[in-house]
Amino acid sequence: MKTKAENKIYTRNSLKSILENKKIVFTNGCFDILHVGHAKYLAESKKLGDILVVAVNDDSSVKRLKGETRPINKVDDRMLLLAHLECVDYVVSFCEDTAINTIKMFSPHIYVKGGDVLLDNIPEKNVVEECGGSIIILSLSEGYSSTNTIKKISGDN
């Protein structure tokens, strides 16, 4: 029997029909080592609509984006940890380096990113707008990042 958290984890295709007629808030990322900054960001994101969907880069895309030593945690573990958060309604993974294909599938009303990015540097910007969605950049929780946590653990900080 699946746990409540496991019931939040879907494939992209199986989630598509569930999301119809809901105000979808969507975000994505590696979420390699979950930290306070992630928790605050996701809780703020949830307040923007009915459903919060979190798309997680799979292991191969994290490795391409972050380097050979990443990810620290496997995609299934990262997804399950996110699914345990009350503010997260659904979790999916994707294998591409950007969430463009996933956004095309779900057409979210609101696409949320953290304050560490500039609007013009978001690769998903055009497809969000083409799908009729808007982009909200939330403020960053200073001092929190998976990369910094890894450096601290390894003594590189």
Given (1) out of contact with any Asp or Glu (no Cβ under 9 Å at 6 or more places or on another chain); (2) at pLDDT 95 or above; (3) over 23 Å from N148 (Cβ atoms), V53 misses just (1)
Restricted to segment 46-85, and to residues that are under 14 Å from the mean Cα position of the chain (by Cα) and more than 20 Å from N7 (Cβ to Cβ), which residue is surrounded by the most Cβ atoms within 10 Å (Cβ to Cβ)?
-> N57
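Could you please give the count of residues in segment 1-16 that are over 13 Å from the mean Cα position of the chain (by Cα), among the hydrophobic types (A, V, I, L, M, F, W, C) and buried (at least 18 other Cβ atoms within 10 Å of the Cβ)? Walk me through how you get there before you give the answer.
The first filter runs over segment 1-16 and keeps only residues over 13 Å from the mean Cα position of the chain (by Cα), leaving 1-8, 10-16.
Cutting the leftovers down to among the hydrophobic types (A, V, I, L, M, F, W, C) gives us 1, 5, 15.
Still in the running and buried (at least 18 other Cβ atoms within 10 Å of the Cβ): 15.
The number of residues fulfilling the criteria is 1.
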Kindly check whether there is at least one residue in segment 17-32 that is within 14 Å of the chain's Cα centre (by Cα) and either at pLDDT below 95 or surrounded by fewer than 21 Cβ atoms within 10 Å (Cβ to Cβ) (or both).
-> yes
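Output the residue which, of all residues in segment 113-144 that are small (G, A, S) and closer than 16 Å to V53 by Cα, is surrounded by the fewest Cβ atoms within 10 Å (Cβ to Cβ). Steps first, answer last, please.
Of all residues in segment 113-144, those small (G, A, S) come to 114-115, 132-134, 139, 141, 143.
So of that shortlist, the ones also closer than 16 Å to V53 by Cα come out as 114, 133-134.
On the way: G114: 20, G133: 20, S134: 12.
Of everything passing the filter in segment 113-144, S134 is surrounded by the fewest Cβ atoms within 10 Å (Cβ to Cβ).
The values are calculated or read from the model by the stated rules, or taken from the named source; none is laboratory data. Small disclaimer: the values here were computed from a predicted structure and weren't measured. Because the Cβ atoms are built from the backbone with ideal geometry, glycine has one as well, and the counts that use them run over all protein chains shown.
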